[in-house]
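Have a look at the structure below, then the notes.
All of the numbers you see were taken from the coordinates with simple rules; none came from a lab. Since this is a predicted model, take the numbers as computed values, not measurements. Methodologically, a virtual Cβ is constructed for each residue, glycine included, from the backbone with ideal geometry; neighbour enumeration extends over all protein chains shown.
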Amino acid sequence: MSGDRPTWAIRMIGERRARGWSQAQAVTNLRMAFSARNGKEGGSQASLLRQWKDWEAGRVKPRFWAPYIAETFGTVTQDLFPTERSGDSQLIDAAGMDTAELIARLRRSTIDDATLRAVRVTADRLCTEYRYRASGELRTEGHSWLRRVTRLLGERLTLEQHREALSLAGLIALLVGCVEYDAGDPTAADATRGFALDLAVEVDDHTIMGWAYEMEAWMALTSGDYHRVVAASERGRDVAGHRGVGVQLAAQAAKAWARLGNRRQVEIALDRGRSLLESLPNPPNPDHHFVIDPAKWHFYCMDAYRLVDENALAQTYADEVLRLGVTTDAEERSPMRNAEARATLGVIAARAGDLDAALDYGHQALSGSRKSLPTLAMVSGELARTIKARNDRHPDIRQYLDQVRETRQAIGG
């Protein structure tokens, strides 16, 4: 809440103003979205304009019209009008055993279903901790659990237990690969990604296969191989089908097309991802790294719109990322997303000629508590080029460029 106005109402105002629409124009576009989907008009201009004013004032929350408003703004219902949750999402330890007991069970020659369920809970916990936990700690624990799970494959398992163990090993391998890449070890990361893909193919796990291709697309994006991003995204979509990973594959393609300067393909990719996300159920644990959180959609759009010079929209989404990613006591809830949001605000400030603000945002982005070095090097490099293009003699630019260079050197760039 901001004063007496709900967050969703503030979002509606910000989305509309970022596009330069009046309230009447927004209603016209809303009616067009409804008509395009249903083949008929729904509500008069005057009636909907009165409702729109009530929505933006926060007096009434949209119900029937919520998905159409989201579509009008190029997002999804759960992003613009999220379901209220009591506190942060937390994994419930449904396994009913602590870590010591679980490890003891894994050392037995016969594994029961309860033990595998406990391993699944542990794997989900690790994936949930990805966004904030120190990469070194997560990598070490991930490797440890990967060894334990792969050892299970040599034990006496039923066919279903064997499939579950393969799937779990693939999931943990994906997580380990992501952390390895974050830490600046692309060779190890790609090998681990390949291991996860092989496991997924063996067990016909299309979700793990899709995420393995998404990881390839991410690695290609941060290394500047944009056509490979598009190719990997297409292969991932082919195997993933109507699964959540398809949303992130579409987002990676949009980011690549934006860097290739193809605005039309950016919009196609974003619309594909948005349509898929709108059709999916709300995830029980949106903080899981390999689950698509509807609130992440504006994070994807932020990157794409920054690169096609839609500054107002990019700033709207960056502000929303930071609103969700920083708690009231200034704790970084999503430090890696926050870093990209700050780099985005830096680019926008530089384009507006405020180089002091741009450099300040740049320093903040590089000083985050949890870093994905390749991604950080990419977006910080883009900010550095924008600043240099405006004024390469700014007295404080050298310090920032040195920081960007150190980040690149940490990943061998």
Once the Cα atoms of helix 23-38 and of the chain are each reduced to a long axis, what angle between those two axes, in degrees from 0 to 90 to the nearest 10, is obtained? 50 degrees
Output ³J(HN,Hα) for the stretch 348-361: one whole-Hz value per residue in order, computed from phi by the Karplus curve 6.51 cos²θ - 1.76 cosθ + 1.60 with θ = phi - 60°, and x for Gly and Pro. 5, 5, 5, 5, 7, x, 8, 6, 4, 5, 4, 5, 4, 4
Taking the Cα centre of the stretch 7-73 as origin, work out the dipole magnitude from +1 charges on Lys and Arg Cβ and -1 charges on Asp and Glu Cβ, in debye rounded to 20. 80 debye
Per-pair calculated FRET efficiency, R0 = 22 Å: residue 133 and residue 159 via Cβ, rounded to 0.05: 0.05
Could you pull out every residue, at least 5 positions away or on a different chain, whose amide H is within less than 5 Å of the one on residue 184? Hs are placed 1.01 Å off N in the peptide plane, and Pro or chain starts have none. 373
How big, in percent, is the set of alpha carbon pairs in the stretch 260-300 lying more than 11 Å apart? 68 percent
Listed residue (33, 295, 386) projecting farthest to the positive dipole end of the chain, Cβ model: 33
Run the numbers for residue 28 and residue 326: contour at 0.36 nm per residue of separation, minus the present Cα-Cα distance, in nm. 103.8 nm
Distance (nanometres) between label positions extended 7 Å along Cα→Cβ at residue 392 and residue 46: 6.1 nm
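Dividing the convex hull volume of the Cα atoms of the stretch 309-413 by its residue count, what figure in Å³ per residue is obtained?
Spelled out: Cα convex hull of the stretch 309-413, divided by residues, is 93 Å³.
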With springs only between Cα atoms under 10 Å apart, run a GNM on the chain and tell me which of 359, 166, 153 wobbles the most. 153
More than 15 Å apart: what percent of Cα pairs in the stretch 7-73 qualify? 46 percent
Report the FRET efficiency, 1/(1 + (r/R0)^6), for residue 198 and residue 263, where r is their Cβ-Cβ distance and R0 is 41 Å, rounded to 0.05. 0.65
What is the dipole size for the stretch 309-413, taken about its Cα centre, with +1 at each Lys and Arg Cβ and -1 at each Asp and Glu Cβ, in debye to the nearest 20? 360 debye
Nonlocal amide H pairs with residue 58, under 5 Å, H built at 1.01 Å: none
To the nearest 20 debye, the chain has a Cα-centred charge dipole, built from +1 on Lys and Arg Cβ and -1 on Asp and Glu Cβ, of 920 debye
Measure nothing but the geometry: give the 0 to 90° angle between the long axis through the Cα atoms of 186-203 and the longest principal axis through the Cα atoms of the chain, rounded to 10°. 70 degrees
Table column - 3J(HN,Hα) (Hz), the stretch 369-377, Karplus curve with 6.51, -1.76, 1.60, x for Gly and Pro: 7, 9, 10, 9, 4, x, 5, 5, 5
For residue 53, go through the lysines and keep the ones whose alpha-carbon is under 17 Å away, minus same-chain ones fewer than eight residues off. 61
Sort 316-322, 393-399, 381-387 by packing, meaning the average of other beta carbons within 10 Å per residue, with the highest value first. 316-322, 381-387, 393-399
Below 8 Å, C-alpha to C-alpha, sequence gap of six or more: please give me the relative contact order for the chain in percent. 13 percent
Estimated distance in nm for a label pair at residue 405 and residue 57, the labels positioned 7 Å out from Cα along Cα-to-Cβ: 5.8 nm
Need one number: convex hull volume per residue for the stretch 263-355, Cα atoms only, in Å³. 104 Å³
For residue 326, distant residues with modelled amide H under 5 Å away: 333
Where the convex hull is taken over the Cα atoms of the chain, what is its projected area averaged over directions, in nm²? 21.4 nm²
Vicinal HN-Hα couplings computed from phi for the stretch 165-170 (Karplus, 6.51 cos²θ - 1.76 cosθ + 1.60; Hz; Gly/Pro x): 5, 4, 5, 4, 4, x
